1. Take the Cα coordinates of region 334-420, assign each an equal point scatterer, and use the Debye formula without solvent to give log10 I(q)/I(0) at q = 0.16, 0.18, 0.21 Å⁻¹.
2. At 0.36 nm per residue, minus the direct Cα-Cα distance, what do SER397 and SER237 gain on full extension? Give it in nm, one decimal, please.
3. From the phi angles alone, apply the Karplus equation (6.51, -1.76, 1.60; θ = phi - 60°) to region 235-241 and give each ³J(HN,Hα) in whole Hz, x where the residue is Gly or Pro.
4. Say each of ALA147 and ASN351 gets a label point 7 Å from the Cα, pointing the same way as Cα to Cβ; how far apart are those two points in nm?
5. So how strong a dipole does region 236-318 carry about its Cα centre when Lys and Arg Cβ are +1 and Asp and Glu Cβ are -1, to the nearest 20 debye?
6. Based on the Cβ-Cβ distance from PHE313 to ALA140, what FRET efficiency comes out when R0 is 30 Å, to the nearest 0.05?
7. Taking amide hydrogens as modeled 1.01 Å from N in the peptide plane, which residues meet the under 5 Å criterion relative to VAL79, leaving out close sequence neighbours?
8. What relative contact order, as a whole-number percentage, does region 290-412 give when Cα pairs under 8 Å and 6 or more residues apart are counted?
Amino acid sequence: MGQEPESVPRQSGTAGQVCWQTFMTQSRMTMRASVEADRASLFKSENAIKVCLFVIDAGAGHRATANAIREYLPEDQDVELVFANPYKDVLSRGSWFERIVANHSEAHYNFLLKHSRLPQFAWRVMSWLPLVFRTIRGKAISRLFQAFYAEAKPDLVICVLPFIGIDVIEEAERAGLPNMMVVTDHSETYRNSWIPASGTHLVAFSERGYHQGKDRAITHVTRISGPVLRRAFFRRSPDHAAALKRRLGLFPDAKTVLVFYGGNGSPKMIRIAQALEQLSEPLNVIFVCGHNKALKQELAAVEMGYQKRVFGFVRNIGLLMELSDVMIGKPGPGSAFEAVAKGVRTVLEVNAGTMPHELDNARMIAEEFDGASFCKEADMLSAIDAAPRRQQHEAGSEPPFRSDLEFSKVFNKFLDEAKG
């Protein structure tokens, strides 16, 4: 018998083992090829300041912050900013263990958020997993990030993530890359869940988050007056909002309530819709269900005694906020502070199911921005009753915080250091 061609490796074992070996070999070869292609094409410009911003889609808040940061790029500087996902772009190049984490973490978290009436349960289930993963696979994670930075060659690294975000920043620090952690939550709930041990810059919007950063080996720690939001939330367009209200067919003289529980909505919105029928005054109610199509269909099908409009995912949520007098929602740092910036009286649900890292947002909004919180439906209805119509408390007012101006200064300084 003739010899086998050299291009076909000899394999041993059962047919099943051979198939598995072939599958794994091909998977590794395909993954290596895609990794090299992805890293080679991460940045397009040779001369621009190359900024790598790490973001994931577990919930909608991280992506919203990343999109906001993109708006603060200075027009007079040549800066190329690209988004990277630490799971899909970094950990997916590791062993089968890292690939499982990379491929399933975001989807499972979003599933629990979308379908659970107790989002705190989803957060507690999913938050301890990254801590365990980082503990047992720390060396592998470090190696993968160092390889990513060596091949992508960013000039600056920005992160808007907890948990894996600590590795993003600390590994950038080890690689000698200037870095910035933008803390999108009020503060760190558990040590080593948000604030890295070392870094170049950290931006926090609460006093506690600021002091947590000062306690670590971080060179520059800055406090701004609110989360980093898109610039549009700091602008008022009353004429545009009034025209939209007419176009939606809402009662012109009735109080308008916006019910918005973030990018994935919440099953609680059904109960809130029913409770609002107890109010005797004429009412407009706008429900925004985000990506939760089933929730949108259910709310649209229910007949209510008030004027109702139901939306799915809305890109320009700021306009709906601006035509509203009250917003009911969860104390997430995105939607809650967006409403505050737009001048909406914010009524936030706080109970045993509230995610731990969101509780302090409700306290901050109540203490500093005249917000309210509720646990029982009766408290929610009382807060809506007590809220004045928008024109009674907004005439000539400015946004209650200006994190847009503050972050712009910090970001420009960060870029200037990279040029220098």
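What follows draws every value from the coordinates through simple rules; no lab data is involved. This one's a predicted model, so the numbers in the text were calculated from it and none came from an experiment. Glycine also receives a Cβ, built like all others from the backbone with ideal geometry; neighbour counts cover every protein chain displayed.
1. Normalising to I(0) and taking log10 leaves -0.74, -0.86, -1.04.
2. On the way: separation 160, 0.36 × 160 = 57.60 nm, distance 1.24 nm.
Working it through step by step, the gained length comes to 56.4 nm.
3. For region 235-241, the Karplus-derived couplings read 10, 10, 10, x, 5, 5, 5 Hz, x marking Gly and Pro.
4. Output for this residue pair reads 4.7 nm.
5. Numbers: 12 positive and 6 negative charges, 66 e Å.
Computed charge dipole of region 236-318: roughly 320 debye.
6. Working: r = 36 Å, r/R0 = 1.20.
So the FRET efficiency works out to roughly 0.25.
7. ILE49
8. Numbers: 126 pairs, mean separation 24.7, N = 123.
Dividing the mean separation by the residue count of region 290-412 yields 20 percent.
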